[in-house]
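Undergrad: The following block contains the structure, expressed as structure tokens.
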Amino acid sequence: MRFIKQQLLGAALLCVASASQAAGVLHFANWSDYYPPQLLQKFEKDTGIKATLDSYDGNDTLTAKLKAGSGNYDVIVPSDSYIQILAKDGLLMKLDHSQLPNFKNVKAPFNAPSFDPKRDYTMPYMWGTTGFSYDTARVPGGKLPDSWKSLFEPIPELKGKIGMLDSEEDVYMDAAWYLGLNECTENPEDAKKILALLQKQKPSVATYNNDGTIERMIAGEVIMHEQWNGAYFRVKEKKPSVVYVYPKEGVRFWMDNFAIPSKAQNVKEAYIFINWMMQPENIALASNFTKYNNAIAGSDKFMDAALFKDPAINTPQDMTSRFRPFKLCSPAALALRSKVWVKFKQ
């Protein structure tokens with residue numbers, strides 16, 4: 001009996017040790033080149049939690065991984081347009097706000113966005129815009145119209161020198177706005193017009209890729225790129241002749257967010273990480289790295305002054321009317337969009 005008790009005690013101690021080890025681990029997944037490694041090291045030092053960082057190239061890739069049950073992530077960073085889709089499919093955990101006291105630091109209107117009004121599933125990470133950039137030193141006259149026409153119906157000098165995002169959502173919406181169409185159209189005739197525009201543009205495009213937008217522009221592999229504003233800023237640091245454009249037909253205003261997958265293994269650590277990231281000095285370090293703005297009050301005191309001097313990051317008031325915030329499209333509209341994208345990519 002004594003031997004059996006010793007065995008049981010040993011087994012119990014082993015379970016406690018394993019639980020202790022599991023409680024000190026965080027598996028974080030984010031977009032490529034979108035989180036500073038040194039900040040994760042700071043998190044480990046501040047909390048004692050061992051953290052790993054995995055990357056993905058887009059929301060579609062992340063969604064596929066979650067549905068397949070791969071990755072074993074504890075914290076992810078989906079975009080605004082995917083939150084309701086992921087929540088509806090049961091892929092996100094509903095948040096317990098009592099474990100997120102730093103939510104008090106989130107500024108309006110980011111504390112109650114349309115895609116998650118009560119912040120039931122998400123907390124804010126970065127926000128920005130999707131316009132396009134180009135190298136003024138490599139276009140005739142040094143300037144192009146502030147219109148999506150410059151990207152979708154480019155001048156001959158840009159043939160084969162345009163980079164596009166590999167994003168069904170961004171490409172489709174930008175094309176729709178240029179054509180004066182609703183990005184949530186359910187009309188097949190509208191979809192045909194969008195497809196025709198994309199097919200007409202295709203010979204001028206060197207690549208459709210979410211990764212490497214910064215490196216391609218710096219290296220001069222492309223002259224123009226459909227691009228996020230923070231990525232543009234990092235290009236401009238190396239190549240001052242590049243400019244960012246807010247197209248007059250409309251520019252995507254987006255927000256990326258922290259969320260906990262429904263199958264997360266280390267939930268306690270996930271809450272600690274997200275709450276830690278809502279401290280002004282921590283989120284500011286992420287902004288300084290990504291070159292995007294954030295939603296945390298007081299973070300500006302810790303952010304690089306250069307970010308606020310660049311109109312691509314600190315949008316001029318006369319350009320904010322061009323913002324197009326997230327709009328939830330109907331299932332029929334999303335199915336039509338997907339059909340266009342699949343046919344276009346064939």
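The values are calculated or read from the model by the stated rules, or taken from the named source; none is laboratory data. Here the structure is a predicted model, which means the values were calculated and not measured. All Cβ positions, even for glycine, are placed from backbone atoms using ideal geometry, and neighbour counts span all protein chains on display. What goes into the accessible areas is simple: the full protein's heavy atoms, side chains included, and nothing from ligands, DNA or RNA. Shrake-Rupley method; radii C 1.70, N 1.55, O 1.52, S 1.80 Å.
Undergrad: Being within 30 Å of residue 191 (Cα to Cα) and either out of contact with any strand residue (DSSP E or B) (no Cβ under 9 Å at 6 or more places or on another chain) or assigned to a loop (DSSP other than H, G, I, E, B) (or both) narrows it down to one of 335, 264, so name that one.
TA: Residue meeting the stated conditions: 335.
Undergrad: Within the bounds of segment 115-132, is there any residue that is farther than 30 Å from residue 274 by Cβ and either hydroxyl-bearing (Ser, Thr, Tyr) or more than 25 Å from the chain's Cα centre (by Cα) (or both)?
TA: Among the residues of segment 115-132, not one is farther than 30 Å from residue 274 by Cβ and either hydroxyl-bearing (Ser, Thr, Tyr) or more than 25 Å from the chain's Cα centre (by Cα) (or both), which makes the answer no.
Undergrad: Where residues in segment 310-335 are touching an Asp or Glu at 6+ places or on another chain (Cβ under 6 Å) and at pLDDT 95 or above, which of them is nearest to residue 176 (Cα to Cα)?
TA: Among them, the one singled out is 333.
Undergrad: Within segment 251-264, can one find any residue that is at pLDDT 95 or above, farther than 23 Å from residue 100 by Cβ and among the polar types (S, T, N, Q)?
TA: no
Undergrad: Could you count how many residues in segment 315-324 are surrounded by fewer than 13 Cβ atoms within 10 Å (Cβ to Cβ) and not β-branched (Val, Ile, Thr)?
TA: Of the residues in that region, 4 qualify.
Undergrad: Let me ask another. Go through segment 48-164 and tell me which strands (runs of 3 or more DSSP E), entirely inside it, have 3 or more residues that are open to solvent by 50 Å² or more (accessible area, probe 1.4 Å), free of Cβ contacts under 8 Å to residues at least 40 places away in the same chain and out of contact with any helix residue (DSSP H, G or I) (no Cβ under 6 Å at 6 or more places or on another chain).
TA: In segment 48-164, the matching strands (runs of 3 or more DSSP E) lie at 50-56.
Undergrad: Could you list all residues from segment 185-205 that are in a helix (DSSP H, G or I) and open to solvent by 50 Å² or more (accessible area, probe 1.4 Å)?
TA: 188, 189, 192, 193, 196, 199, 200, 202, 203
Undergrad: Among the listed residues 189, 249, 226, 237, which satisfies the condition of being touching a residue at least 40 places away in the same chain (Cβ under 8 Å), over 26 Å from residue 84 (Cα atoms), among the acidic types (Asp, Glu) and not assigned by the TED database to the domain that holds residue 100?
TA: It is 249.
Undergrad: If only one of 301, 343 is without any contact (Cβ under 8 Å) to a residue 40 or more places away in the chain and either surrounded by fewer than 17 Cβ atoms within 10 Å (Cβ to Cβ) or of a type in the set (D, E, K, R) (or both), which one is it?
TA: Residue meeting the stated conditions: 301.
Undergrad: Right, something else. Being buried (at least 22 other Cβ atoms within 10 Å of the Cβ) and on the phi < 0 side of the Ramachandran plot is the requirement here; does residue 308 meet it?
TA: no
Undergrad: Which condition number in (1) under 26 Å from residue 207 (Cβ atoms); (2) over 20 Å from the mean Cα position of the chain (by Cα) is the one that residue 334 fails?
TA: (2)
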